[in-house]
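> This is the structure, below, for whatever I ask next.
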Amino acid sequence: MKSGTQKKGDIILETERLYLREMRQTDYQSLCRTLQDDIAMYAYEGAFSDAEVHEWLDRQLERYRKWDFGLWAVILKETGEMIGQCGLTMQKWKEKEVLEVGYLFERRYWHNGYATEAARACKEYAFDILKAEEVCSIIRDTNTASQKVAVRNGMVKKDIWTKHYKGVDMPHYRYVAYR
């Protein structure tokens with residue numbers, strides 16, 4: 001993995017098969033392929049509307065300004081195509097905010113190891129660049145595929161908390177890795 005401080009829009013992380021960079025407004029259509037897919041978005045109670053995709057993208061851009069990190073566009077080196085997103089965010093967990101590795105990929109790229117590859121790079125970035133003592137992944141209890149990615153990323157299930165989203169009680173597990 002290569003990392004370091006980059007200019008806006010440049011590559012933030014590089015793995016064997018992937019580049020991670022800040023998202024741009026021009027990534028909207030690529031985001032729609034994931035965020036508007038009912039199956040890919042089952043942990044969020046279904047596909048997002050156009051407005052919700054815009055809000056999601058704007059939230060990432062604001063995170064870059066606020067923290068200098070967020071969910072990043074995952075680019076497949078072989079094709080130059082954006083295949084998903086993976087990165088670091090601050091998330092509410094019970095009464096505190098925690099540093100989270102999050103990932104969400106276009107369904108046609110599932111089961112190729114891309115989420116694990118990108119998540120590992122983000123975990124290393126959290127420890128090596130941000131000097132975090134711990135990082136977690138917060139995953140809905142029914143999302144076993146993402147739970148497996150967290151385990152492959154060296155995380156262990158630590159606790160559970162029920163979030164309320166779109167009128168639904170959603171138990172979530174917090175998987176944690178320590179420096």
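> If you check R63, R59, R140, which single one turns out to be of a type in the set (K, R), surrounded by fewer than 21 Cβ atoms within 10 Å (Cβ to Cβ) and in contact with a His (Cβ under 7 Å, 6 or more places away or on another chain)? Can you show your working first?
Details: R63 fails: in contact with a His (Cβ under 7 Å, 6 or more places away or on another chain); R59 fails: in contact with a His (Cβ under 7 Å, 6 or more places away or on another chain).
From the options R63, R59, R140, the qualifying one is R140.
> Is there a residue being open to solvent by less than 30 Å² (accessible area, probe 1.4 Å), among the aliphatic types (A, V, I, L, M) and within 16 Å of L13 (Cα to Cα) anywhere in the stretch 145-161? Steps first, answer last, please.
Within the stretch 145-161, the subset open to solvent by less than 30 Å² (accessible area, probe 1.4 Å) is 146-147, 149-150, 153, 155.
Those left that are additionally among the aliphatic types (A, V, I, L, M): 149-150, 155.
Add one more test, that the residue is within 16 Å of L13 (Cα to Cα), and what stays is none.
Scanning the stretch 145-161, I find no residue that is open to solvent by less than 30 Å² (accessible area, probe 1.4 Å), among the aliphatic types (A, V, I, L, M) and within 16 Å of L13 (Cα to Cα), so the answer is no.
> So Y44 clears everything in (1) under 27 Å from E133 (Cβ atoms); (2) under 16 Å from the mean Cα position of the chain (by Cα); (3) surrounded by fewer than 20 Cβ atoms within 10 Å (Cβ to Cβ) except one condition, right? Which one?
(1)
> So T79 fits all but one of (1) buried (at least 19 other Cβ atoms within 10 Å of the Cβ); (2) free of Cβ contacts under 8 Å to residues at least 40 places away in the same chain; (3) farther than 22 Å from W56 by Cα; (4) of a type in the set (S, T, Y); what number is the exception?
In the conditions (1) buried (at least 19 other Cβ atoms within 10 Å of the Cβ); (2) free of Cβ contacts under 8 Å to residues at least 40 places away in the same chain; (3) farther than 22 Å from W56 by Cα; (4) of a type in the set (S, T, Y), T79 misses (1) alone.
> Of the numbered conditions (1) within 19 Å of F127 (Cβ to Cβ); (2) at pLDDT below 95, Q91 fails exactly one; give the number of that condition.
If we test Q91 against (1) within 19 Å of F127 (Cβ to Cβ); (2) at pLDDT below 95, just (2) comes out false.
> Filter the stretch 59-118 for residues that are among the aromatic types (F, W, Y), touching a Gly at 6+ places or on another chain (Cβ under 8 Å) and in a strand (DSSP E or B) and give the result. If you could, list the steps in order and put the result at the bottom.
The first filter runs over the stretch 59-118 and keeps only residues among the aromatic types (F, W, Y), leaving 64, 67, 69, 72, 93, 103, 105, 109-110, 114.
When the remaining residues are screened for being touching a Gly at 6+ places or on another chain (Cβ under 8 Å), the result is 64, 69, 72, 103, 105, 109, 114.
Matches in the stretch 59-118: W72, Y103, F105.
> For the stretch 111-133, indicate whether the set of residues that are farther than 23 Å from Y19 by Cα and of a type outside the set (A, V, I, L, M, F, W, C) is non-empty.
Going residue by residue through the stretch 111-133, those that are farther than 23 Å from Y19 by Cα are 133.
Of the ones still in play, those that are also of a type outside the set (A, V, I, L, M, F, W, C) are 133.
Yes: the stretch 111-133 contains one or more residues that are farther than 23 Å from Y19 by Cα and of a type outside the set (A, V, I, L, M, F, W, C).
> If you check Q85, Q91, which single one turns out to be of a type outside the set (D, E, K, R) and out of contact with any helix residue (DSSP H, G or I) (no Cβ under 9 Å at 6 or more places or on another chain)? Working first, answer last.
Details: Q85 fails: out of contact with any helix residue (DSSP H, G or I) (no Cβ under 9 Å at 6 or more places or on another chain).
From the options Q85, Q91, the qualifying one is Q91.
> For the list (1) within 25 Å of Y173 (Cβ to Cβ); (2) in contact with a Leu (Cβ under 8 Å, 6 or more places away or on another chain), I need the number of the one condition that E95 fails.
Single failed check for E95: (2).
> Another one. Which ones in the stretch 101-122 are under 19 Å from R63 (Cα atoms) and either surrounded by fewer than 22 Cβ atoms within 10 Å (Cβ to Cβ) or of a type in the set (F, W, Y) (or both)?
Within the stretch 101-122, G102, Y103, L104 qualify.
> Assuming I129 fulfils every condition listed in (1) surrounded by fewer than 22 Cβ atoms within 10 Å (Cβ to Cβ); (2) touching a helix residue (DSSP H, G or I) at 6+ places or on another chain (Cβ under 8 Å); (3) β-branched (V, I, T) apart from one, which condition is it?
(2)
> Something else about it: Could you look through the stretch 154-179, keep only residues that are outside any strand (DSSP E or B) and of a type in the set (K, R), and pick out the one that is modelled with the highest pLDDT?
Going residue by residue through the stretch 154-179, those that are outside any strand (DSSP E or B) are 154-155, 166-167, 179.
This time we only want the ones that are of a type in the set (K, R), so: 166, 179.
Values: K166: 79, R179: 94.
Within the stretch 154-179, the match that is modelled with the highest pLDDT is R179.
The values are calculated or read from the model by the stated rules, or taken from the named source; none is laboratory data. Keep in mind that this is a model prediction, so the values were computed, not measured. Glycine also receives a Cβ, built like all others from the backbone with ideal geometry; neighbour counts cover every protein chain displayed. Ligands, DNA and RNA are stripped out before the accessible areas are found, and what is left, the full protein with its side chains, is counted by its heavy atoms. Shrake-Rupley method; radii C 1.70, N 1.55, O 1.52, S 1.80 Å.
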